[in-house]
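Beneath this line is the structure, given in structure tokens, with notes to follow.
The values are calculated or read from the model by the stated rules, or taken from the named source; none is laboratory data. The structure displayed is predicted, hence computed values, not measured ones. Cβ placement follows ideal geometry from the backbone for every residue including glycine, while neighbour counts extend to all protein chains displayed.
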Amino acid sequence: MTDDPTRLQAGEIARRVQAGEISAVAVAEAHLARAGKVGPPLNTWITLDREGALKAAKDVDAAVSAGKSPGPLAGVPVGIKDIIDVAGLPTTAGSLIDKERVPAGDAPLTHRLRAAGAIILGKLNLHEYAFGPTGHNHRARILALVVARRRRQRHQHRRQSAQRKLGTARRTCATNRQVGR
């Protein structure tokens with residue numbers, strides 16, 4: 001048996017997490033690290049949700065510690081094709097047209113995976129609107145950059161809204177002084 005969580009089968013991960021032999025957080029971190037390393041050259045991920053995955057993994061570990069059943073897929077990391085809704089993550093369907101679409105709720109499949117204890121790592125690349133046999137999308141790298149930029153902008157907007165308002169106020173005051181008001 002291997003100690004590398006990225007080399008374990010799903011059933012083995014779930015068994016070890018439920019038995020407390022390995023933490024779901026350790027499994028999620030290992031898979032996120034591998035996805036970050038191997039994913040870009042292979043163009044596999046449109047969005048990696050590190051924050052969401054680690055939060056879900058902590059919840060699974062908390063359930064195991066409390067003696068509760070986290071579900072049959074406890075701690076098993078999964079990637080969701082970008083045509084299936086995951087609450088809070090963009091669902092672009094591999095198209096630049098839908099780059100702004102962020103669903104408020106999960107698709108039934110996503111909801112069932114979460115309820116079973118699976119850890120959603122992010123959204124996987126696909127042909128535009130899943131219309132093709134290979135999964136190769138030549139726009140995916142552009143789409144991943146656009147989605148990442150939009151996520152950073154939303155995050156910065158939340159963190160810096162007060163600073164931005166202050167900056168606007170300063171510019172307004174400076175303009176008013178120049179005009180002589």
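Before moving on, here are some points about what is shown:
- Of the residues making up region 107-140, those that are assigned to a loop (DSSP other than H, G, I, E, B) and at pLDDT 80 or above number 8.
Yes or no, residue by residue, for (1) over 23 Å from residue 8 (Cβ atoms); (2) touching a Phe, Trp or Tyr at 6+ places or on another chain (Cβ under 7 Å):
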{"residue": "39", "(1), (2)": "no, yes"}
{"residue": "45", "(1), (2)": "no, no"}
{"residue": "52", "(1), (2)": "no, no"}
{"residue": "55", "(1), (2)": "no, no"}
{"residue": "61", "(1), (2)": "no, no"}
{"residue": "66", "(1), (2)": "yes, no"}
{"residue": "74", "(1), (2)": "no, no"}
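- Close contacts from region 4-17, counting a first residue that is under 17 Å from residue 70 (Cβ atoms) and a second that is assigned to a helix (DSSP H, G or I) and modelled with pLDDT of 95 or more, with Cβ to Cβ under 6 Å and a gap of 6+ residues or different chains, come to 5/27; 5/30; 13/27; 17/24.
- Conditions (1) in contact with a helix residue (DSSP H, G or I) (Cβ under 8 Å, 6 or more places away or on another chain); (2) at pLDDT 95 or above; (3) farther than 24 Å from residue 33 by Cβ; number of the one not met by residue 95: (2)
- Candidates 35, 26, 56, 93, filtered to the one that is part of a loop (DSSP other than H, G, I, E, B), within 30 Å of residue 153 (Cα to Cα) and not acidic (Asp, Glu): 93
- Residues within region 33-66 that are surrounded by 17 or more Cβ atoms within 10 Å (Cβ to Cβ) and of a type in the set (Asp, Glu), tallied: 2
- Candidate set: region 1-32, residues that are among the polar types (S, T, N, Q) and farther than 20 Å from residue 62 by Cα; chosen: the one surrounded by the most Cβ atoms within 10 Å (Cβ to Cβ): 6
- Among the residues of region 80-128, just one is exposed (fewer than 15 other Cβ atoms within 10 Å of the Cβ) and of a type in the set (Val, Ile, Thr), namely 97.
- Being modelled with pLDDT of 95 or more and either within 14 Å of residue 120 (Cα to Cα) or not aromatic (Phe, Trp, Tyr) (or both) is true of residue 24.
- The set of residues in region 114-129 that are without any contact (Cβ under 8 Å) to a residue 40 or more places away in the chain and closer than 13 Å to residue 43 by Cβ contains only 127.
- Of the residues contained in region 19-31, one or more are found to be under 29 Å from residue 132 (Cβ atoms) and either touching a residue at least 12 places away in the same chain (Cβ under 8 Å) or not hydroxyl-bearing (Ser, Thr, Tyr) (or both).
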